[in-house]
Each structure stands twice: as structure tokens, then as C-alpha cells.
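Q: Please read through the structure below; I'll follow up with questions.
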Amino acid sequence: MATTSLLRCMAVLLVLFAPVAAGAVPVPLDSRLCLAVTPIATPDAVPDRNHFSCRRPLSAYDQASLWVRIDPHRYDPEGKAVTLLVHHTRFDRLAVAFRYTDGTIEWQQVQSGGFGDHWRPGAQIAFTPNDRSAALESITLRVDRLTSYQLLRLRLVSAGEADIENGLLAALIGAALTLLVAGALYNFSLALGIRRQYLAWQGAWAVAMFLWGAIWSQFGLLVAPGMAGTVAAQSCTALSALAVLLATLSTTTALAGGTVPQPLRLLALLLGFAVAVLGVPATLARTTMIEQIVPILGVSVLANLAVVLLCLIYGIRRGSPEARDLLAAWSVPMAALALTQVVDIGSRFWGGGPQILVLFTSAWQTIWLSIAASRRLSRLRTERDMARAAEARASELAERDPLTAIRNRRGLVEAAQALTHAASEDAAAMGLLLIDIDRFKAINDEHGHDVGDVVLCTIATRLARWEGPRCAVARLGGEEFAMVLTHRSGTALASFADHVRQEIAACDHSAEIGHQRVTVSIGIAEAGGGADFAQLYRDADRALYAAKRDGRDRVCRIDPAAEPVSPSRARSPATEGNRIQRVG
């Protein structure tokens with residue numbers, strides 16, 4: 001898995017590393033460029049050639065003005081490159097002088113806090129000569145209080161190529177920022193929905209990367225133009241260090257619970273916090289001290305990446321699904337970040353350099369991890385639905401008679417409660433029929449219990465035809481059945497019960513017991529809305545007892561108008577005869 005992810009990562013990086021604008025000419029800060037340093041108070045007048053030196057290194061330019069002289073014909077012999085693009089960094093003011101062959105000089109300038117219309121997507125500042133009638137002889141840059149000339153990147157681009165780059169960069173950066181915002185919102189919603197802390201850290205990382213991308217690309221200047229220059233560069237450094245820490249927290253949190261040895265997790269966290277701490281002086285630096293901080297910060301980032309990668313590989317060996325998803329998601333941005341620390345990408349990627357590589361791969365990471373999280377969430381939902389379905393089936397089976405598949409006593413009680421509640425709301429009558437097969441023991445003794453079971457199933461099937469919203473059917477045990485129904489009372493209920501008796505008697509059992517008829521005795525009880533089911537059952541049981549006593553194959557009911565009989569005297573014929581009526 002780790003090998004596959006790394007190969008995928010290398011393939012993506014090779015694709016991303018290839019594009020370089022055909023008309024763009026990088027201007028490296030090598031010995032071909034001569035530099036000069038003057039006091040800040042020096043007016044804007046191009047120094048003499050004698051003032052320029054090609055020796056390195058420079059010193060004290062961070063508190064002065066650094067002058068850079070460019071011969072455009074040395075880098076572009078055909079003279080097509082007429083736009084100078086400067087990658088913004090930490091400075092107070094940047095002025096560009098275009099000298100023409102006729103001796104005229106044109107000055108253009110920007111300063112921290114205001115780039116005007118010179119800013120371009122991809123953290124670049126564009127300077128284009130306005131006079132096209134005379135040939136361009138030289139270009140001279142003046143940078144006041146430049147923090148580090150090593151961070152200065154220059155390119156010469158033709159006007160048409162610059163326009164194409166701007167449109168392309170704007171579209172790609174906009175898409176990457178959109179994906180980061182969507183990823184942040186999605187991860188936060190998942191963190192709340194499934195209570196996973198690492199997704200919250202992942203969402204915070206996506207927010208940090210979005211803010212970094214918006215500020216670095218200079219799209220943020222549309223909202224806060226005063227951030228142009230030094231403030232933007234410092235903010236990007238702080239957000240970069242914070243993003244490394246948040247990514248480390250996301251990974252180590254996801255791999256908690258014994259998946260990774262505790263010392264390894266603590267080492268990853270320690271390196272993540274070290275990067276964040278080193279990011280503070282790197283953010284605040286306005287002198288060449290940053291040149292000493294940056295290498296240390298780079299080594300810390302590489303060490304952090306190595307330990308985090310080791311944690312992920314260890315987690316995969318332990319069978320952690322989070323580790324597999326995180327490695328697939330993080331492999332590309334981790335490799336991109338490592339690449340920027342060991343390889344000078346310079347002005348590639350249409351002038352975006354290593355920053356745009358990190359932004360693109362971060363968008364990749366957000367997409368991949370969101371897909372992986374959605375896939376896992378889908379599996380969790382499927383497992384939850386299956387568990388709920390199994391629970392529902394188990395609950396239903398617990399309320400069903402295994403032989404006849406109709407309700408059992410427990411199921412009848414549940415159904416009776418619902419029907420009682422509905423009858424109470426509608427002020428409707430409620431009735432209970434207790435049905436007992438006559439001389440069923442004789443059937444079992446003569447034909448066997450398996451035949452008796454067939455008879456029970458046949459009768460249950462016939463009773464189930466009346467099952468509905470106002471009627472529930474159940475087998476109470478042995479040869480006894482019950483029906484609870486609403487919206488029937490008096491003569492209508494008695495007629496229905498007698499119809500049930502006749503229908504059961506008409507069932508065909510000839511294949512099992514020949515032409516022997518199977519009859520039932522039925523006891524009826526009824527009450528108004530909100531009836532006490534326990535009392536209703538006692539009344540129906542007394543009526544069934546009376547039907548059996550009077551000769552079977554008949555229906556008896558408790559007269560609701562007669563005086564109730566106490567349970568202690570319920571089985572006495574003398575006391576309950578005034579309440580029981582024969583129906584059929």
C-alpha cells in the first residue's frame with residue numbers, strides 16, 4: 001500500500017513538474033546579475049555601472065536599498081520578453097526603471113501595503129514598459145529593505161504569454177481554493193456527525209491552507225489590499241508552520257488507541273510543535289537572520305514528515321483503515337512539501353514556484369480524504385442499517401408465533417395497546433374474541449401432533465385474513481387464538497364472531513383428518529374507548545368458559561349492560577349467568 005501510494009505520488013509530481021511557460025525566461029540571481037547597495041535616502045536615479053558589483057555575498061542590504069541591473073537581451077535575444085514579473089517577498093518598496101535606447105527612463109513602483117494594479121495571481125508583481133516606440137536597453141530594480149535577496153525571484157515574459165499565465169493561474173488557484181473550502185466544511189460536518197476528532201483537525205488544516213493560498217496568491221488583496229507585500233509574506237509563513245502542526249495533530253489523533261507506539265506519536269507531535277515554534281521568528285524576521293532560520297525550519301519539516309510517514313506505515317501494518325486513507329491522501333502533499341525543501345523549483349509552474357505545487361497537492365489531499373471519509377461513512381451507515389434491520393427482524397420474531405407466523409401473546413399485547421390508544425382517541429368500541437379449538441387433544445391423540453400442527457396453521461391462515469389496521473390476530477398458545485378489534489360493538493361484534501366461527505368450521509382438513517369437522521368455541525367481551533385490556537381478557541375468558549360448558553361450537557359474550565362480577569366469583573355459573581349471552 002505504501003509503495004503504491006508513493007508511486008502514485010511520483011507520477012502526479014512528474015505531471016505537475018512538467019509545465020513551464022514557453023515564453024517565460026527565468027532570471028537567476030547568479031554572477032550574470034550585478035548588484036549595488038545604497039542608503040535608503042538615495043533618490044530614484046539609476047546608479048552608474050561602476051557602483052554595481054557581481055561579487056557574492058552581499059551584506060547590509062536589508063537596511064538599505066538593493067539595486068539589480070538586468071540586461072534583457074542576455075536572457076531574451078529576440079527581445080520578445082517585455083514584462084518583468086517579480087515574486088513578492090518582504091520589502092518596503094520596489095521600483096523598476098526601464099531604460100530605452102533613446103536615453104529615456106520610465107519608473108514604475110509598488111510598496112508594501114499597496115500594489116495597485118501591478119499584482120498578479122500566483123504571488124507575482126508585473127511591470128510592463130509603456131513606451132513601445134523605442135527599444136528596451138536595460139531594466140533596473142530597486143528594492144528597499146529587502147529581507148533576503150535569496151527569496152527574490154524574477155522572470156521576463158512576453159506580454160501575450162503573461163496574459164495567458166494570469167488566466168490559467170487564476171482558474172487553477174480558484175479551483176484549488178474552492179476545493180479546500182469545500183473540504184474544510186465537509187470535514188467539520190463529518191467530525192460533528194461521527195464524533196471523530198482527527199476530522200476536526202483535518203478541517204482546521206484545510207482552513208489554514210485556504211487562508212494561506214488566498215493570501216499567497218494575492219486573491220486576498222481583493223478584500224484586504226493593505227496586506228500587500230511584507231504582511232502577506234509574514235502571514236503565509238505563519239500559516240505554513242501552523243498547517244504543518246495541524247496536519248501532524250490530524251494524523252496522530254487518527255492513529256491513537258494503541259495503533260502506533262506512544263513514543264513515536266509523541267516524537268511526531270514534538271516535531272510538529274517545533275515547526276510551529278520555529279515559525280514564529282521566521283514570521284517576524286525582517287533582516288537576513290531569516291537565512292539562518294529557514295534551513296533549520298526546513299530540516300524540522302523534513303524530520304516531521306519522515307516521522308509522520310513512519311507512523312502511517314506502522315498503522316497500516318497494524319491494520320488501521322485510517323492509516324491507509326491518510327497515507328493515500330497525504331502521500332502527494334507530503335512528497336511535494338519534501339520536494340520543495342530539497343529541490344529549488346524556482347519560477348516553474350507559471351511563476352508560482354513551490355507554493356503553487358503545495359497548493360495543488362493540498363487540494364488533491366482534500367479531495368482524496370473527503371472521498372475516503374465518505375466511503376467509510378457509507379460503510380458505517382450500511383452496517384448501522386443492517387444492524388437496525390436485524391434488530392427489527394429479531395423484535396418481530398419475538399412477537400410472532402414460530403409455528404403459525406401470526407402474533408404470539410406478546411405480540412397481541414403490543415397490538416392491543418396500540419388499538420386501545422386509537423380507540424380511546426376515536427371514542428370507539430373495542431372487542432376481544434378468545435377462540436379455542438374444540439376437542440383438539442383428540443386430534444393430536446388420533447392423528448399425531450404433526451397433523452395437529454397442520455390444523456393449527458390452516459386455522460391461523462384463515463384468521464389472518466381479518467388482520468388489518470382495526471384488527472389484530474394472535475395465537476395465545478396450544479389451540480387457543482385471539483382477535484382484538486375496534487369499531488365493532490353489540491350485535492355487529494356478535495355477528496362478526498359467529499361469522500368467524502362458521503368460516504373456521506368450513507375450513508377443509510380432509511387431507512389431514514378426513515371429513516372430520518373442526519369447530520371452535522368463542523368468547524366475546526367488549527368495552528368503550530380506553531378499555532382496560534386485562535379486564536377485557538378476563539371477561540372474554542369467562543365467556544369462552546361458558547361456550548365450552550354449554551356444548552362447544554358456539555359463541556358466547558359478556559353482556560356489557562349487566563352488573564360486573566368480581567374475579568373471585570368469575571368461574572361460578574350461578575354468579576355469571578346473568579352476564580353471559582349465547583350468540584350462536
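Q: Which condition does Gly183 not pass, out of (1) outside any loop (DSSP other than H, G, I, E, B); (2) in contact (Cβ under 8 Å) with a residue 40 or more places away in the chain; (3) closer than 20 Å to Gln218 by Cβ, if it passes all the others?
A: Only one criterion is unmet by Gly183, namely (3).
Q: OK, next. Is it the case, given these coordinates, that Tyr75 is over 46 Å from the mean Cα position of the chain (by Cα), of a type in the set (Ser, Thr, Tyr) and modelled with pLDDT of 80 or more? So that I can check it myself, show each step before the final result.
A: Details: over 46 Å from the mean Cα position of the chain (by Cα): yes; of a type in the set (Ser, Thr, Tyr): yes; modelled with pLDDT of 80 or more: no.
Taking the combined requirement at face value, the residue does not satisfy it.
Q: Would you confirm whether any residue within region 195-208 is assigned to a loop (DSSP other than H, G, I, E, B) and of a type outside the set (A, V, I, L, M, F, W, C)? Show your work before the answer.
A: In the first step, residues of region 195-208 are kept if they are assigned to a loop (DSSP other than H, G, I, E, B); the result is 195-196.
From the residues that got through so far, the ones that are of a type outside the set (A, V, I, L, M, F, W, C) too are 195-196.
Yes, some residue in region 195-208 is assigned to a loop (DSSP other than H, G, I, E, B) and of a type outside the set (A, V, I, L, M, F, W, C).
Q: Does Arg120 satisfy being touching a strand residue (DSSP E or B) at 6+ places or on another chain (Cβ under 8 Å) and not β-branched (Val, Ile, Thr)? If you could, list the steps in order and put the result at the bottom.
A: Numbers: touching a strand residue (DSSP E or B) at 6+ places or on another chain (Cβ under 8 Å): yes; not β-branched (Val, Ile, Thr): yes.
For Arg120, the condition - touching a strand residue (DSSP E or B) at 6+ places or on another chain (Cβ under 8 Å) and not β-branched (Val, Ile, Thr) - is met.
Q: A further question follows. Quick one: Thr253 ticks every box in (1) assigned to a helix (DSSP H, G or I); (2) over 32 Å from the mean Cα position of the chain (by Cα); (3) among the β-branched types (Val, Ile, Thr) bar one, so which box is it?
A: Result: Thr253 fails condition (2) only.
Q: Which pairs turn up if I take residues in region 195-214 that are open to solvent by 40 Å² or more (accessible area, probe 1.4 Å) and look for partners that are among the β-branched types (Val, Ile, Thr) with beta carbon separation below 7 Å, at least 6 apart in sequence or on another chain?
A: What qualifies is Gln197/Thr253; Trp201/Thr253; Phe210/Val181.
Q: Determine whether region 21-33 contains at least one residue that is over 52 Å from the mean Cα position of the chain (by Cα), modelled with pLDDT of 80 or more and under 27 Å from Ser158 (Cα atoms).
A: Step one: of region 21-33, the residues over 52 Å from the mean Cα position of the chain (by Cα) are 31-32.
Okay, now just the ones that are also modelled with pLDDT of 80 or more, so none.
No; the residues of region 21-33 include none that is over 52 Å from the mean Cα position of the chain (by Cα), modelled with pLDDT of 80 or more and under 27 Å from Ser158 (Cα atoms).
Q: If you don't mind, another one. Within region 46-71, work out how many residues are over 20 Å from Arg99 (Cα atoms) and either of a type outside the set (A, V, I, L, M, F, W, C) or modelled with pLDDT under 80 (or both).
A: Here is the first cut: in region 46-71, the residues over 20 Å from Arg99 (Cα atoms) are 54-64.
With either of a type outside the set (A, V, I, L, M, F, W, C) or modelled with pLDDT under 80 (or both) added as a condition, the list becomes 54-59, 61-63.
Residues flagged as over 20 Å from Arg99 (Cα atoms) and either of a type outside the set (A, V, I, L, M, F, W, C) or modelled with pLDDT under 80 (or both) within region 46-71 amount to 9.
Q: Sticking with this one: Go through region 484-515 and report how many residues are assigned to a loop (DSSP other than H, G, I, E, B) and either in contact (Cβ under 8 Å) with a residue 60 or more places away in the chain or open to solvent by less than 20 Å² (accessible area, probe 1.4 Å) (or both).
A: 3
Q: Could you tell me which residue of region 215-238 is nearest to Ala170 (Cα to Cα), considering only residues that are among the aliphatic types (A, V, I, L, M) and either open to solvent by less than 30 Å² (accessible area, probe 1.4 Å) or in contact with a His (Cβ under 8 Å, 6 or more places away or on another chain) (or both)?
A: Filtering region 215-238 for residues among the aliphatic types (A, V, I, L, M) gives 215, 221-224, 227-228, 231-233, 238.
From what's left, either open to solvent by less than 30 Å² (accessible area, probe 1.4 Å) or in contact with a His (Cβ under 8 Å, 6 or more places away or on another chain) (or both): 221, 228, 232-233.
Values: Leu221: 14, Ala228: 17, Ala232: 18, Ala233: 19 Å.
Within region 215-238, the match that is nearest to Ala170 (Cα to Cα) is Leu221.
Q: Something else: Can you tell me which residue among Leu245, Leu266 is modelled with pLDDT of 90 or more, in a helix (DSSP H, G or I), out of contact with any Lys or Arg (no Cβ under 6 Å at 6 or more places or on another chain) and open to solvent by 40 Å² or more (accessible area, probe 1.4 Å)? Break it down stepwise before answering.
A: Numbers: Leu245 fails: open to solvent by 40 Å² or more (accessible area, probe 1.4 Å).
Only one candidate passes the filter, namely Leu266.
Q: When residues of region 149-180 are filtered for being assigned to a helix (DSSP H, G or I) and in contact with a Leu (Cβ under 9 Å, 6 or more places away or on another chain), how many remain?
A: Here the count works out to 9.
Q: Is it the case that region 100-107 has a residue that's buried (at least 20 other Cβ atoms within 10 Å of the Cβ), more than 22 Å from Gln355 (Cβ to Cβ) and among the β-branched types (Val, Ile, Thr)? Walk me through it before giving the result.
A: Taking region 100-107 first, the residues buried (at least 20 other Cβ atoms within 10 Å of the Cβ) are none.
There is no residue in region 100-107 that is buried (at least 20 other Cβ atoms within 10 Å of the Cβ), more than 22 Å from Gln355 (Cβ to Cβ) and among the β-branched types (Val, Ile, Thr).
Q: Could I ask something else about it? With the requirement that a residue be among the acidic types (Asp, Glu) and either more than 21 Å from Lys441 (Cβ to Cβ) or in contact with a strand residue (DSSP E or B) (Cβ under 9 Å, 6 or more places away or on another chain) (or both), what does region 494-536 give you?
A: From region 494-536, those among the acidic types (Asp, Glu) are 498, 503, 508, 512, 526, 532; that's our starting set.
If the condition is that a residue be among the acidic types (Asp, Glu) and either more than 21 Å from Lys441 (Cβ to Cβ) or in contact with a strand residue (DSSP E or B) (Cβ under 9 Å, 6 or more places away or on another chain) (or both), then Asp498, Glu503, Asp508, Glu526, Asp532 are the ones that fit.
The values are calculated or read from the model by the stated rules, or taken from the named source; none is laboratory data. Keep in mind the model is a prediction, meaning the values are calculated, not measured. Quick reminder, even Gly has a Cβ in these numbers, built from the backbone with ideal geometry, and neighbours come from all protein chains shown. Note: accessible area is taken over every heavy atom of the protein model, side chains too, but ligands, DNA and RNA are not part of it. Shrake-Rupley method; radii C 1.70, N 1.55, O 1.52, S 1.80 Å.
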